[in-house]
1. Name the single residue that is farthest from Met123 (Cα to Cα) among those in the stretch 17-30 being among the charged types (D, E, K, R) and open to solvent by less than 80 Å² (accessible area, probe 1.4 Å).
2. Would you point out which residue out of Arg331, Arg280 is open to solvent by 60 Å² or more (accessible area, probe 1.4 Å) and in a strand (DSSP E or B)?
3. Checking Glu305 against (1) under 22 Å from Asn141 (Cα atoms); (2) touching a residue at least 40 places away in the same chain (Cβ under 8 Å); (3) out of contact with any Lys or Arg (no Cβ under 7 Å at 6 or more places or on another chain); (4) open to solvent by less than 80 Å² (accessible area, probe 1.4 Å), only one condition comes out false. Which one?
4. With the requirement that a residue be in contact with a strand residue (DSSP E or B) (Cβ under 8 Å, 6 or more places away or on another chain), modelled with pLDDT under 95 and not aliphatic (A, V, I, L, M), what does the stretch 1-39 give you?
5. In the stretch 168-207, how many residues are buried (at least 19 other Cβ atoms within 10 Å of the Cβ) and either part of a helix (DSSP H, G or I) or touching a strand residue (DSSP E or B) at 6+ places or on another chain (Cβ under 7 Å) (or both)?
6. Could you tell me whether any residue of the stretch 218-230 is at pLDDT 90 or above, among the polar types (S, T, N, Q), surrounded by fewer than 12 Cβ atoms within 10 Å (Cβ to Cβ) and farther than 20 Å from Arg331 by Cα?
7. Quick one: count up the residues across the stretch 117-155 that are assigned to a loop (DSSP other than H, G, I, E, B), in contact with a Lys or Arg (Cβ under 8 Å, 6 or more places away or on another chain) and of a type in the set (Val, Ile, Thr).
8. Looking at the stretch 31-44, which of the residues that are in contact with a helix residue (DSSP H, G or I) (Cβ under 8 Å, 6 or more places away or on another chain) and either farther than 17 Å from Gly94 by Cβ or aromatic (Phe, Trp, Tyr) (or both) is surrounded by the most Cβ atoms within 10 Å (Cβ to Cβ)?
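The values are calculated or read from the model by the stated rules, or taken from the named source; none is laboratory data. Values in this document were obtained by computation on a predicted structure and should not be read as measured data. Quick reminder, even Gly has a Cβ in these numbers, built from the backbone with ideal geometry, and neighbours come from all protein chains shown. These accessible areas exclude ligands, DNA and RNA; they are computed on the full protein's heavy atoms, side chains included. Shrake-Rupley method; radii C 1.70, N 1.55, O 1.52, S 1.80 Å.
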Amino acid sequence: MSKQEVIICRSLQEDLERALDAHAYDKLFILTDEHTRRLCLPLVGSSERIRQAVPICIGAGDIHKNLDTLAHVWTALSNQGATRHSLLINLGGGMVTDLGGFAAATFKRGFAYINIPTTLLSMVDAAVGGKTGINFNGLKNEIGAFAPASSVLIDCQFLKTLDRQNLLSGYAEMLKHGLISEEGHWAELMTLDMDHPDYGKLQQLVGESVQIKERIVAQDPFEQGIRKALNLGHTIGHAFESFALEREAPVLHGYAVAWGMVCELYLAHQKTGFPTDKMRQTVQFIKENYGKLAFNCRDYDRLYEFMKHDKKNAAAGMINFTLLGGIGDIRINQTATKEEINEALDFYCETMG
């Protein structure tokens, strides 16, 4: 898998022009959703190349991360004469970068694209690392491909367009990066005031978070080994996400991951010795900032069924987890029985209130 260039922008317009200069494209397209077309496209600038780019707009939100929306993008590319030498800019959150990246990876067997993530979640997670895809058959990211953007341009000015919920959604992935890296970074993340964020400090933490993910992806681009560290909180988190989607009450990805980390840190405490104080501190931060997904013991079997569909499972019927022995002490390819998972769900219900 080719390496992507991640740029922490000082001037988005100048950095984008340089990224465009690296491509001998025949036609330029810009994919936005309804929100980023209005709020973010004006911040990209109005150079001649941007003015001449073909716009494609899709619906906002994870509910649109599906085959119908993908077909809409393919159709627009086809009708507007896209070729294997075209270039696509994905301007948006994780849904836009995931779906747009997959559209670029598959149209005409693939052409180049650039990600400009506009949410904190997409900056530190979705837009970096080369995973693309869509939801399918009620399951998160069921269809997709490893296909990295040629460039990812990260500009924290977009974060000022976000509400608190979307800021927190991205912050959950940063918290995960802190847990799998080192205690000092985790401690810094635990002390940021999410009600009145210091955007300068946040930009520094974003840069560190992206570096953590880049280091791991570089070692294992196709998720055969250490890249599974990035799945902390995601096995149960994706089940929470699919469960909420099935109830037609979707939740933000980062919230589901935060709730998943509550359960998986408990599993880590029980199975791999994750320290009680670090678990309690992290769980308290999540409880205070993310609230709780409503479910009860009657829903455990359905949640377990969603976990059985997780792509990380190595064998049918065996649920695969990334756990921790301590902060930065990564234990991939851990399994848990249904009874142990139910116990973690019990812990969640009792602790989160």
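1. So in the stretch 17-30, the residues among the charged types (D, E, K, R) come out as 17-18, 21, 26-27.
From the residues that got through so far, the ones that are open to solvent by less than 80 Å² (accessible area, probe 1.4 Å) too are 17, 27.
Working: Glu17: 19, Lys27: 26 Å.
Only one residue fits best here, namely Lys27.
2. Details: Arg280 fails: in a strand (DSSP E or B).
On inspection, the qualifying residue turns out to be Arg331.
3. So the condition that Glu305 fails would be (2).
4. Within the stretch 1-39, Gln4, Glu5, Cys9 qualify.
5. Matching residues across the stretch 168-207 total 19.
6. No, the stretch 218-230 contains no residue that is at pLDDT 90 or above, among the polar types (S, T, N, Q), surrounded by fewer than 12 Cβ atoms within 10 Å (Cβ to Cβ) and farther than 20 Å from Arg331 by Cα.
7. 1
8. Step by step, filter the stretch 31-44, then rank; the result is Val44.
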